[in-house]
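This report refers to the structure that appears directly beneath it.
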Amino acid sequence: MDHAARPGQTPERLGFFTDAVFAIAMTLLVIEIPRPEGKDFDTTDGNSKSQAAAHLWHFLVHEAGSFYSYLLAFLVLWIIWRQHHTMLDRISHVPGPMMMLHFPLLLLTGFLPFATTIMGHYPDNPLAALLFGLVVLLLMLCRSGIQSQANRHGVLSSPAQEPAQRLDSAISWLVTAYWGLTLLLAWWTPWVQLLWFLSGAIAQALTPFLRPYLAKTRPHPTPPPLTTG
């Protein structure tokens, strides 16, 4: 089968653009964290070093939710970007459905800093956590859909890539399901955010159990020999 990429379907060009969007979104996460402003944080004649340090310490403690949200969002984007980068290295071209799924994927990636800022500023507001969790869930659904598209015949650059891609796709869907289940708790308890931090650990824990079943090369049918007569 011809694996030559058609114009507009090259993994390289898509990878460059995706990398740029993810990089900008990950940078915006830290830009949205509030900065300490005012004379209370300076050492002046009326403000000693200990007082300035105390004011700064209270500010940092008050913004703990922002730092937590930043770390969680950065971790989510890092994991999705790494999986996406690995997947693009395995395929020879980008089919139409996979290209279409990149629109909501990148749209949600650009929107995530906004949802992260809201959750960081209002960590006790259940709607803030629900908004953040929903954006990430939709991101994971897009990511899993793209992973599944990479399993289709004719997309992988080599049959040897099939076992690893099949394993990554299954883990992606299972982690997405885990995130969706934890999202049901977001309205009732803010501690659900701690469960979200475990998403990466869940993926690592599932890998050794799923690898024996999914990371095996499937036999491809051998075409019948040509006969003459």
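The values are calculated or read from the model by the stated rules, or taken from the named source; none is laboratory data. Just so it is clear, the model here is predicted, and its values are computed rather than measured. Cβ atoms come from the backbone with ideal geometry, glycine included; neighbour counts cover every protein chain shown. The accessibility values were calculated without ligands, DNA or RNA, using every heavy atom of the protein model including side chains. Shrake-Rupley method; radii C 1.70, N 1.55, O 1.52, S 1.80 Å.
Data for the structure
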| read-out | value |
| --- | --- |
| Residue match in region 182-189 (condition: modelled with pLDDT under 85 and either out of contact with any Pro (no Cβ under 9 Å at 6 or more places or on another chain) or of a type in the set (S, T, Y) (or both)) | yes |
| T207 β-branched (V, I, T), under 20 Å from L127 (Cα atoms) and surrounded by fewer than 18 Cβ atoms within 10 Å (Cβ to Cβ) | no |
| Selection count where residues are polar (S, T, N, Q), assigned to a helix (DSSP H, G or I) and free of Cβ contacts under 8 Å to residues at least 60 places away in the same chain, scope region 137-181 | 5 |
| Residue satisfying all of: in region 141-154; open to solvent by less than 10 Å² (accessible area, probe 1.4 Å) and at pLDDT 90 or above; farthest from I171 (Cα to Cα) among these | I146 |
| Single match in S172, S158 (criterion: of a type in the set (S, T, Y) and open to solvent by less than 10 Å² (accessible area, probe 1.4 Å)) | S172 |
| Residue count, region 182-204 (criterion: of a type in the set (A, V, I, L, M, F, W, C), open to solvent by less than 50 Å² (accessible area, probe 1.4 Å) and in a helix (DSSP H, G or I)) | 4 |
| Matching residues, region 121-136, being within 18 Å of L77 (Cβ to Cβ) and either without any contact (Cβ under 8 Å) to a residue 24 or more places away in the chain or among the hydroxyl-bearing types (S, T, Y) (or both) | L131 |
| Qualifying residue in region 69-84 (condition: touching a residue at least 24 places away in the same chain (Cβ under 8 Å) and more than 13 Å from the chain's Cα centre (by Cα)) | yes |
| Residue list for region 77-112, filter: under 15 Å from L134 (Cα atoms) and either of a type in the set (D, E) or open to solvent by less than 10 Å² (accessible area, probe 1.4 Å) (or both) | L77, L105, T109, L112 |
| Per-region count, region 14-41, residues over 32 Å from the mean Cα position of the chain (by Cα) and surrounded by fewer than 12 Cβ atoms within 10 Å (Cβ to Cβ) | 3 |
| Conditions (1) more than 21 Å from the chain's Cα centre (by Cα); (2) without any contact (Cβ under 8 Å) to a residue 24 or more places away in the chain: number failed by L184 | (1) |
